[in-house]
Structure formats: C-alpha cells, structure tokens
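Below you'll find the structure, written out as structure tokens, and then a few comments.
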Amino acid sequence: MEQHNRYHSVRLDKTRCKGCTNCLKHCPTEAIRVRGGRAHIIDERCIDCGECIRICEYHAKIAITDDLSAIHGFPHAVAIPAPSLYGQFKGLKSISPVLDALKAIGFEEVFEVARGADIVSRAIHEKLREPGLPKPLISSACPAVVRLIQVRFPDLIPNVVDIRQPMEVAAMIARQEFCRKHGCAPEDVGVFFITPCPAKMTAIRSPLGQEKSACDGAISMMEIYGQLLPHINRILANPTKPTATYYGVRWAVSSGEASAVCPDNSLSVDGIHNVIRVLEEIENNKLNDLVFFEGNACMGGCVGGPLNFENNYVAKNAVRKLAQECSPQHPVENVPVSMMTKYPLYFDHPIEPNPAMKLDDNLIVAMQKMERINQLVEDLPGYDCGSCGSPTCRTFAEDIVGGFCGEMDCIHKLKDQLKVMAQQMVELAQTKRE
Amino acid sequence: MSSFIHEEYPVERGDYTRAGEASADIKRRLKQLGVSSNVMRKVAVASYEVELNLVIHSLGGKLMLDVGTDGVLLVSEDVGPGIPDIAMAMREGYSTASEEARSLGFGAGMGLPNMKRNADDFDIQSEVGKGTRISMRFNLA
C-alpha cells in the first residue's frame with residue numbers, strides 16, 4: 001500500500017490501550033487493527049470521525065488539538081466558536097455569556113462561526129438555483145463525511161457542494177475585521193476555532209478544497225469547558241450580542257443546515273453508519289429526486305461531537321432554545337448578495353478520491369488477491385470475533401493477503417491445528433519401538 | 001471474456017429483508033478491485049435493479065457476477081414465471097409489481113429500462129412458464 005504522511009487529529013495513546021476489540025468493530029472504514037496487543041490506525045483509511053474516541057472505555061483514543069496557551073503565540077487572538085458550544089451550559093438564557101466568557105479567558109475578539117454559517121447558507125441557496133447540478137448535492141460541512149466520501153464513495157465527489165465550511169468563512173472574515181478595526185497585520189492575528197470534534201482539527205491541518213486553512217488552530221471545547229464555566233453566570237453591563245441568525249446557530253444540530261438551504265426537498269442524516277447507508281442509496285441512484293443531502297458524522301449533528309461536554313440530546317435542545325434569541329431573518333434576506341463575491345467562498349482545490357479500500361493498483365493483481373481472499377474466507381470460522389486483531393474474518397483474510405498477518409493468528413484455526421498436533425503426539429507416543 | 005472473479009448469489013422471491021445485499025456485495029467487490037468509478041456506478045445501479053426484480057417479480061433465481069480484465073458480466077437467471085411481452089416490459093413506467101411491492105416504494109416501472117441504460121450490452125430472454133435470463137455486459141475503461 002502507498003505510504004502517506006497524512007495528518008490526523010485522532011491518535012492512539014499506547015499506554016492506555018488494552019488491545020480490546022471495541023474500536024475495531026465500530027470503525028466505519030475498517031481503519032483499525034490490533035497488533036502486538038495494541039491498536040493501530042491505518043493512516044490512509046482514517047477519516048477522523050472520532051467513533052473510536054467515543055467507544056474506547058479506556059480513553060486510549062484521543063484527539064490532538066491545540067492548547068489554550070497556543071493563543072500566546074500571536075500578538076492578538078480571536079476565537080471563532082462553533083455554535084455547538086452554546087449548548088454546553090445548563091440553564092443558559094442567552095448566547096452572550098458564552099461570547100464574553102471566551103473574551104475573559106484570553107481572546108481579544110470573538111466571531112461566531114454561526115455567522116459564517118449564515119453566509120454559507122446563502123451561498124448554497126444561490127448554488128442550488130444553478131441548472132444541471134448533480135442530484136442530490138451533498139453538504140461539505142462535515143469534514144468526516146467528506147473524507148468518508150473520498151475513501152468509500154469516490155464516485156460521489158462531484159455531488160459534494162464546492163463551498164467552504166462555515167469555520168473557514170468565519171475565520172477569513174474574523175481576521176479581516178480584526179485587522180481593519182485594530183490596524184494590525186493579518187499574520188499578527190491568531191484565529192482559533194473552538195471545536196466539537198477532531199475532524200475539524202484535521203481539516204485545519206490538511207484542508208479540503210483549499211490550499212491553506214484560514215484558521216491558525218483549533219481548541220477543544222472539552223479542554224476549555226472548565227475555564228469558561230466560572231464566567232458563564234457573570235452579568236456584564238455591556239454583554240456581547242450575537243449577530244448570527246436563528247438559521248446560522250441551528251447549523252449546530254442535525255437538519256439545521258438543510259432547513260436553512262433547502263427545507264422542501266432535503267434529507268438530513270446523523271451518525272456515520274447511518275450516513276453510509278444513505279450514501280449507498282445515493283450511489284444506487286435511488287435518491288435522484290432529492291435536491292440536498294446533509295450528512296453529519298456525529299449523532300445529533302455537531303452537538304454530538306466527541307469533544308462536547310454535554311450529552312448531545314440535552315445540547316440539541318439548549319441550542320434550539322438559544323437560537324430563538326437571534327434574528328429570525330432567513331440568510332437569503334440577512335446576508336447581502338455582495339458577500340458572495342466579497343470573500344473567496346468556493347473551493348479552489350479539487351476534492352481528490354482516496355480509494356484506500358482498493359486491494360491493488362493493478363486490476364489483475366487485485367483480482368488474484370480477491371480470489372485468494374475468497375479461498376481464505378471459506379476456511380475461516382466466520383465468527384468475526386476480532387481476536388486476530390482484524391475487525392472481521394473477511395478483513396483478516398485481506399490482511400493475510402496483504403502480508404500483514406498469518407493464518408495462525410486466528411485462534412480458532414490455531415486450536416484446530418493444535419488438535420491435529422495433539423492427535424499426532426498421541427499417535428507418536430503409542431508407536432512401539434521397532 | 002476471460003474471467004478471474006466468479007460469484008453467485010441466490011435470490012429468493014419476496015425476501016425483502018435481504019433485498020439489496022447481493023448488489024451491495026457486488027459493489028463492494030468492484031470498489032476493492034479498483035474498477036473505475038463510472039463503471040462501478042453503472043454496475044451498482046443495474047445490479048440493484050436486477051436483484052430487486054428477482055425479489056419482486058420472479059419465483060426465485062440467482063445473480064452471477066464475472067469480472068475479467070476487459071469487462072464485468074452480470075447475469076440474472078430465474079425459474080419463472082417468465083415475461084409474456086418483453087417489449088411492453090421494457091417500457092418506462094410499465095410495471096406489474098404487486099400491491100405489497102408498491103407499498104414498499106417499488107414498481108415504478110423503471111427497473112428494466114434502467115438496466116438497459118446502464119449496461120453496454122443488454123440481452124433479455126424469457127419464456128412464460130420457464131423463466132427469464134438477463135445478461136448485461138459492462139466494458140472496463
């Protein structure tokens with residue numbers, strides 16, 4: 001297999017890994033193997049969805065994000081919080097305390113990613129009026145879903161909407177506005193995304209659809225939750241008012257995006273395994289009359305990200321309530337059309353396929369490998385127990401053919417082999433001296 | 001066509017719980033082989049349609065996949081009931097699907113036309129009382 005040096009936020013903490021099979025079983029791209037008693041992540045297959053982080057009870061799967069101290073690497077720091085952050089605090093009556101708490105912990109300015117979502121909503125709305133678009137158009141907002149498409153559904157890449165994610169649009173405008181207001185150079189401003197998930201961190205380091213991210217880093221919500229908490233209940237004389245609309249804030253929950261851009265004929269699906277099921281249908285041309293598809297890797301949408309503190313159902317409800325304080329104006333009225341050309345909102349780099357499930361680059365070799373895999377699978381017990389370190393008997397056979405393990409790594413095969421050997425030992429012991 | 005990969009998938013009549021599994025496996029295999037996206041997509045669409053036709057209309061049958069260096073061959077064979085008027089069956093929107101199938105969202109009358117549209121070669125033979133054989137070829141590259 002080709003060697004890639006891809007950046008991944010999702011990593012393994014070897015000291016905590018017990019070598020169990022929980023993560024193996026839940027990985028949507030079969031990217032994990034247990035070898036030598038420890039899990040390993042196959043770089044080119046990992047989509048940074050964070051399923052393994054959620055499932056690992058030993059907390060051996062972690063997300064690498066920036067420390068809050070990273071903001072001191074810049075003369076000025078701006079926070080761009082994902083709207084899912086608003087849902088993390090119980091009993092919150094307004095979004096303002098969250099914005100002010102971010103200022104209290106060291107950021108000079110705060111720019112809501114929900115505002116970026118408003119602009120992206122309008123851009124997608126305009127896009128959907130173009131003739132001859134592939135159906136359905138697929139949202140590019142969840143980077144884990146875009147990477148899933150690169151790995152497992154490369155033929156659907158033309159359906160992915162070529163508009164940057166709200167985080168990127170927010171970061172661009174936040175930097176520009178800060179520089180204009182304070183008269184400083186763009187490189188003196190550190191723009192940090194407050195993230196609910198590792199996929200966004202990866203999207204900053206290895207951007208999708210653009211050369212370089214407009215963000216300088218990402219700080220995990222979980223990491224700063226405790227620091228924000230003491231500031232949440234303070235009442236300020238001049239609280240920072242949210243400027244995003246109801247629609248932009250609602251991007252934090254599943255169906256928020258779809259209801260902003262195409263409420264009449266769209267489908268919103270949350271949970272990476274559910275997203276896969278629907279992408280299969282799209283691939284089979286079974287959803288050709290659908291105009292827009294929004295897929296979120298996490299249950300409930302971004303409020304279900306593995307770096308959220310609050311339970312996703314509680315957070316969803318909180319965001320829904322808090323959104324009502326915002327302008328009820330639809331982004332089509334709220335965002336001026338001039339914004340569509342004022343900033344580079346569109347991809348300038350193509351999304352490339354990453355067919356990491358392929359057995360070989362050469363078709364004949366791939367067919368030979370598949371034939372050998374079929375033979376091996378016939379001989380395996382089919383328990384899919386994971387004891388060999390591969391998620392299923394079939395992937396185990398693929399790994400044998402790939403040269404990563406041997407047949408006797410299957411404990412059931414080994415047991416059968418030992419039985420035969422034991423029988424031979426008995427026979428040997430019973431042999432009379434000639 | 002020299003075939004390297006040969007797979008057979010039995011399909012039972014009326015078995016909606018398993019409907020789509022054979023075509024899903026075919027799709028997964030073609031992706032693993034690295035068959036180009038547009039060919040994979042055509043086979044995926046046609047194999048899904050033909051599998052569903054076996055479930056909805058036939059008395060049971062099987063789906064056969066052959067992959068060689070020059071192409072993909074997909075053959076469906078069933079044991080009846082056979083199609084009395086093939087020309088009629090090939091028309092878009094014509095369907096003889098049961099109430100049960102229609103209640104599940106099938107029976108739009110697009111199955112056979114979709115297969116024909118996606119395959120590079122399409123052949124259908126049918127005899128009432130005997131069965132139907134559909135053969136589809138997809139060229140690689």
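Some points to look at:
- Buried on complex formation within region A:140-173 (loss of at least 30 square angstrom of accessible surface versus the isolated chain, 1.4 Å probe, ligands and nucleic acids ignored): A:Asp155.
- Note that chain B presents 47 Å² accessible area per residue, ligands and nucleic acids not counted, probe 1.4 Å.
- Here each label is just a point 7 Å from Cα along the line to Cβ, and for B:Asn38 and B:Ala87 those points are 3.3 nm apart.
- Taking only protein heavy atoms and a 1.4 Å probe, the accessible area of region A:359-434 is 53% carbon and sulfur.
- Against the main long axis of the alpha-carbon atoms of chain B, helix B:21-33 sits at an angle near 20°.
- Taking chain A as a Gaussian network of alpha-carbon nodes connected by springs under 10 Å, the highest mean-square fluctuation of the residues A:Glu177, A:Glu294, A:Glu371 belongs to A:Glu371.
- Between A:Pro242, A:Pro166, A:Pro328, the GNM of chain A built on Cα springs shorter than 10 angstrom shows A:Pro328 fluctuating the most.
- Within a straight-line Cα-Cα reach of under 23 Å, B:Lys31 can be paired with the following lysines, leaving aside sequence neighbours fewer than 8 residues apart in one chain: A:Lys25, A:Lys135, A:Lys286, A:Lys358, A:Lys369, B:Lys42, B:Lys62, B:Lys116.
- Put simply, the amide H of A:Cys405, placed in the peptide plane, has neighbours under 5 Å in A:Ile400, leaving out anything fewer than 5 places away on its chain.
- Euclidean distance between Cα centres, region B:5-42 to region A:376-429, Å: 28
- Each DSSP beta bridge with both residues in chain A is either parallel or antiparallel, and the antiparallel ones are about 25%.
- Using R0 = 25 Å, the C-beta based FRET efficiency linking A:Gln227 and A:Cys179 works out to 0.40.
- GNM flexibility winner over chain A from A:Ile235, A:Ile124, A:Ile157 (Cα, springs under 10 Å): A:Ile235
- For chain A, hydrophobic long helices are taken as DSSP H runs at least 18 Å long by C-alpha position along their axis with mean Kyte-Doolittle hydropathy of 0.0 or more; these are A:363-379.
- Across chain A, Cα pairs under 8 Å and at least six residues apart give a relative contact order of 21 percent.
- Between region A:76-98 and region B:95-116, the Cα center-to-center distance that results, in Å: 50
- Computed with a 1.4 angstrom probe on protein heavy atoms, the B-A interface buries about 2100 square angstrom of accessible area in total.
- Counting 0.36 nm for each residue step from A:Glu371 to A:Val420 and taking away their Cα separation leaves a gain of 14.9 nm.
- Residue-normalised accessible area of region A:359-434, expressed per residue, 1.4 Å probe, Å²: 65
- At a threshold of 40 Å², the residues of region A:354-369 that become less accessible to a 1.4 Å probe in the full protein assembly than in their chain on its own are A:Lys358, A:Leu363, A:Met367.
The values are calculated or read from the model by the stated rules, or taken from the named source; none is laboratory data. Small disclaimer: the values here were computed from a predicted structure and weren't measured. Cβ atoms come from the backbone with ideal geometry, glycine included; neighbour counts cover every protein chain shown. Side chains included, ligands, DNA and RNA excluded: accessible areas come from the protein's heavy atoms. Shrake-Rupley method; radii C 1.70, N 1.55, O 1.52, S 1.80 Å.
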